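The values are calculated or read from the model by the stated rules, or taken from the named source; none is laboratory data. This is a predicted model, so every value here is computed, not measured. Virtual Cβ from ideal backbone geometry, glycine too; neighbours counted across all protein chains shown. Just so you know, the surface numbers come from the protein's heavy atoms only, side chains and all, with ligands and any DNA or RNA stripped out. Shrake-Rupley method; radii C 1.70, N 1.55, O 1.52, S 1.80 Å.
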Amino acid sequence: MSTETSASPVSAAKATVQDAVRENLREYGLVIALIAIMVFFWYMTNGVLFYPVNLTNVVLQNSYIVVMALGMLLVIVAGHIDLSVGAVAGFIGAVAAILMVDYDMNPLLAGFLCIALGAVIGGVQGYFIAYMKIPSFIVTLAGMLVFKGLLLNVLSGRSVGPFPPLFQLLSAGFIPDVIGPLTLVAPTLNASGGPTPGTGIVLHSTTLVIGILIVVAMLYLAVKSRRSRESHGYEAEPFVFFVMKNLVISAIILFLMYKFASFRGLPNVLVVMGVLIALFVFITKRMTFGRRIYAIGGNVKAAALSGINTERLTFHIFVIMGMLAALAGLIYSARLNMATPKAGAGLELDVIAAVFVGGASALGGVGQVTGAVIGAFIMGVMNNGMGIMGINIDWQQVIKGLVLLGAVAFDLYNKKKA
């Protein structure tokens, strides 16, 4: 008679859930870290961090970082680096100011020309890196110095602004409430019969509807993906874990949408960011172009031997980076409502830090779009929270540096362990 005993269904199910949690910990670890940091600063700031106006400010203050982080992710995954993005963003903002303020050019035409100029700048740097085989560190360091100088030359040491109202909508505007406001609690009336500011709860209905549609679409795609895996015989994560994970994500999205709806709705720049994030997720996960970027980052010689034109691919990556740096420069200058000689200073460090904190490998070949975005918001929430707490800027830099070092060290530790 056999002495072997089989594990009970309960213990087996428990082990399966634990395995799923362990396997997904790295994927969702960044989300958990962002939530933990937000809860910490919510407590330390007595709830100020979660005020609707402050959450909107966090988005506006980090929008240009997120935009550039999308391009920087491709650059770093491919095994390169771009130190010039901050200077390019500042220079493009100055060119936009000259075109719109000094020459009264239409904001849409000026924006198109500036993004085209960014593509040219990225293409020139990409040519030296891809075809002349000059290390990206050297080329982009030279680019940083060149465009810092050109920024000062274009502005002649002055600040140029303000921008036309249409252009300001890029960074200071909000989507219109086409449905109409939803009043949950009527505001208190003052002595003159008008609403007292800060009283009542009036929500931006269009923002709420968009939030619900996003959650419904996310849940539909999650269920469809799970069924597809099961129909093809692949192992799916435990149902309990699947439900809990999607409920938590849905709750977070609805909570944030409620906060935005409590203020003025979704900022225009958040919509732009959402479109770009969805586009880059599609590029990196569904397109051959994206898969080839990971291939050259993993092993450029093997990628070349497999038939990938590594030079052309590298060139295109830097063209994309230049365009995104230009767009970020437009968003940055629109937020300031002027172009200044110091615009863009140090932005490249925040962008690179966001990508590495988001899980990208310094060795190339590893990194996700969602990770870069979450990394940007981790740095942004830290900046905002420390600012509210009144921590001196010198200590803020120390803390951010330690977070960056810890993120890269953790990534290398995981690689060695694997």
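Of note:
- Answer from Phe280, Phe289 - the residue that is of a type outside the set (Gly, Ala, Ser) and either without any contact (Cβ under 8 Å) to a residue 60 or more places away in the chain or not in a helix (DSSP H, G or I) (or both): Phe289
- Of the residues making up region 353-363, those that are at pLDDT 85 or above and surrounded by fewer than 22 Cβ atoms within 10 Å (Cβ to Cβ) number 0.
- The residue list Phe41, Phe112 contains one member that is modelled with pLDDT under 90, of a type outside the set (Val, Ile, Thr) and either open to solvent by 10 Å² or more (accessible area, probe 1.4 Å) or not in a helix (DSSP H, G or I) (or both), which is Phe41.
- When Met72, Met68, Met105 are checked against the criterion of being more than 30 Å from Val381 (Cα to Cα) and among the hydrophobic types (A, V, I, L, M, F, W, C), a single residue qualifies: Met105.
- Matching option when the condition is out of contact with any Cys (no Cβ under 9 Å at 6 or more places or on another chain), under 23 Å from Thr284 (Cβ atoms) and among the aliphatic types (A, V, I, L, M), among Val66, Val101, Val124, Val58: Val66
- Criterion: in the same structural domain as Tyr294 (by TED's automatic domain parsing), hydrophobic (A, V, I, L, M, F, W, C), under 15 Å from Leu349 (Cα atoms) and part of a helix (DSSP H, G or I) - qualifying residue of Ile76, Ile92, Ile81, Ile98: Ile76
- Condition met for Leu324 (of a type outside the set (Asp, Glu), in a helix (DSSP H, G or I), in the same structural domain as Gln368 (by TED's automatic domain parsing) and closer than 30 Å to Ser159 by Cα): yes
- Matching entry among Gly265, Gly233, Gly346 (being on the phi > 0 side of the Ramachandran plot and open to solvent by 60 Å² or more (accessible area, probe 1.4 Å)): Gly233
- For Tyr131, the conditions (1) open to solvent by 50 Å² or more (accessible area, probe 1.4 Å); (2) under 22 Å from Leu169 (Cα atoms); (3) in contact with a helix residue (DSSP H, G or I) (Cβ under 6 Å, 6 or more places away or on another chain); (4) not polar (S, T, N, Q) are fulfilled apart from (2).
- Tallying residues that are free of Cβ contacts under 8 Å to residues at least 60 places away in the same chain and open to solvent by 50 Å² or more (accessible area, probe 1.4 Å) within region 305-340 yields 4.
- Taking region 238-262 as the range and being open to solvent by 40 Å² or more (accessible area, probe 1.4 Å) and over 28 Å from Phe50 (Cα atoms) as the test, the residues that pass are Phe239, Val240.
- Total residues in region 128-177, condition within 17 Å of Lys342 (Cα to Cα) and outside any loop (DSSP other than H, G, I, E, B): 14
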